[in-house]
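Encoded as structure tokens, the structure appears first; notes follow it.
The values are calculated or read from the model by the stated rules, or taken from the named source; none is laboratory data. In this text the structure is predicted, and so the values were computed from the model without any measurement. Note: accessible area is taken over every heavy atom of the protein model, side chains too, but ligands, DNA and RNA are not part of it. Shrake-Rupley method; radii C 1.70, N 1.55, O 1.52, S 1.80 Å.
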Amino acid sequence: MALVNTDLGKALPLIASGKVRELYDVDAKTLLFVATDRISAYDVVMKNGVPDKGLILTLITAHWFEYLRKCHPDLRTHFISLELPPTVPQQLVPQLKGRSMLVRKYKVFPVEAIVRGYITGSAWSSYKKTGEVNGKKLPEGLQESQELPEPIYTPSTKAELGQHDENISTEQAEQIVGAKYAKRIEDLALKIYKTARDYAKEKGIIIADTKFEFGLDEETDEVVLIDEVLTPDSSRFWSKATYTIGQGQDSFDKQFLRDWLTKNGLKGQDDVTMPPDVVEATRAKYMEAFKILTGKTLDQTLQELK
Ligand SMILES: Nc1ncnc2c1ncn2[C@@H]1O[C@H](COP(=O)(O)OP(=O)(O)O)[C@@H](O)[C@H]1O
Ligand SMILES: [Mg+2]
């Protein structure tokens, strides 16, 4: 069964609900960050979910936090633990364990810190028209899906629910968050992307691009990595084995769903229910990404959590 909504009753107050996550208040400084099994495509959330997807997203994120901490001991993240607070009633533990993360609450910078190592999607469309991406000139003669000489930082606005994010230049990002923080966000995003790109490539996954979010620790004035990181939902993962330059690539995870929506004229529509074969194929891809990136099955990882 997919978990599409959570309900902690009176145990903890719900403070926000995004496309995928529900955020509960634990105390003044702490949140319980719960990933449901909801899935969105073309910015619309499906009516039914993909069983275990929330577990996969949370545990991939936790895996990356651990790996990144090893590579960059100075990196600050919002991660506290995969424990549940004692106020969560015992009967809800099976539902929430593994998909929930205790995190430190921060003031979220209202930009999406996108890094692209390969040219695809909206960046490819823009490059074909103007030779530029987010106001940055790129070398001539790039082919679709080609690896860029160096990863580029292409921030976007962080849209309210139901709105679309808008690409912005680095100058606009500076205006939104201030020059000092904009530079730190850009440097951190590029550094983290490169570390993850190398790790994933070795294991057979190309991280074509990814989106990070950062928050401000107002007590220490530090920029902190928050949200989910380097998951199939926040990144474009391609299989290294089938990667072919000069054409679009199948995304690792949502291709079945996107193809099915397009074929059935449902792209962008609300209240769509996915048929069982689309759910199962999608679930299998998330599982595969999990296994490749963490080197373990989901069951093994869940066992270790107990
Ligand atoms: N440490 C944190 N403190 C406060 N807010 C956070 C933190 N980490 C992530 N968030 C916010 O939690 C939300 C995550 O929910 P999600 O369902 O992924 O939302 P979205 O639909 O915006 O992607 C995002 O709005 C993100 O900015
Ligand atoms: Mg999100």
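Between Thr87 and any residue 5 or more places off or on another chain, the built amide H atoms are never under 5 Å apart.
Given the options Ile15, Ile119, Ile226, which has the most mean-square fluctuation in a GNM of the chain, springs set between C-alpha atoms less than 10 angstrom apart? Judging by the Gaussian network model, the answer is Ile15. Residue by residue, the range 261-273 carries 3J(HN,Hα) couplings of 4, 5, 4, 9, x, 10, 4, x, 7, 7, 6, 8, 9 Hz when phi is fed to the Karplus relation 6.51 cos²θ - 1.76 cosθ + 1.60 (θ = phi - 60°); x denotes Gly or Pro.
In whole percents, the pair-distance distribution calculated for the chain from its alpha-carbon pairs, binned every 10 Å from zero, is 6, 26, 36, 25, 6, 1.
Normalised by residue count, the range 107-239 yields a Cα convex hull volume of 114 Å³ per residue. Going by accessible surface with a 1.4 Å probe and the largest first, Val108, Val224, Val177 read Val108, Val177, Val224. When the Gaussian network model of the chain links Cα atoms closer than 10 Å, the mean-square fluctuations of Asp74, Asp227, Asp250 top out at Asp74. Listed by chain and number, the aspartates and glutamates whose alpha-carbon sits under 14 Å from that of Lys129, ignoring those within fewer than 8 places in the same chain, are Glu140, Glu144. Taking θ as phi - 60° and the Karplus parameters 6.51, -1.76 and 1.60, the scalar couplings of the range 135-143 work out to x, 9, 6, 10, x, 6, x, 6, 9 Hz in sequence order, x denoting glycine and proline. From the alpha carbon centroid of the range 146-222 to that of the range 253-306 is 25 Å.
Per-residue ellipticity at 222 nm from helix content only, as computed over the chain with -39500 (n - 2.57) for each DSSP H run of at least four residues, stands at -10500 deg cm²/dmol.
Between Val133 and Leu138, the built amide H atoms are under 5 Å apart, and every one of these is 5 or more places off in sequence or on another chain.
Specify whether the C-alpha gyration tensor of the range 155-216 places it in the rounded, prolate or oblate class, a ≥ b ≥ c being the square roots of the eigenvalues: rounded for a/c under 1.5, otherwise prolate if a/b is larger than b/c and oblate if not. Don't jump to the answer; show the numbers that get you there.
On the way: a/c = 2.72, a/b = 1.57, b/c = 1.73.
Oblate shape, in that a/c is at least 1.5 and b/c is the bigger or equal ratio.
Quick one: ranking Arg21, Arg283 by accessible area, 1.4 Å probe, largest first, what do you get? Working shown, then result.
On the way: Arg21 25, Arg283 55 Å².
Most to least solvent-accessible, the answer reads Arg283, Arg21.
Each principal axis of the range 1-105 carries a Cα extent, and these read 41, 34, 22 Å when sorted largest first.
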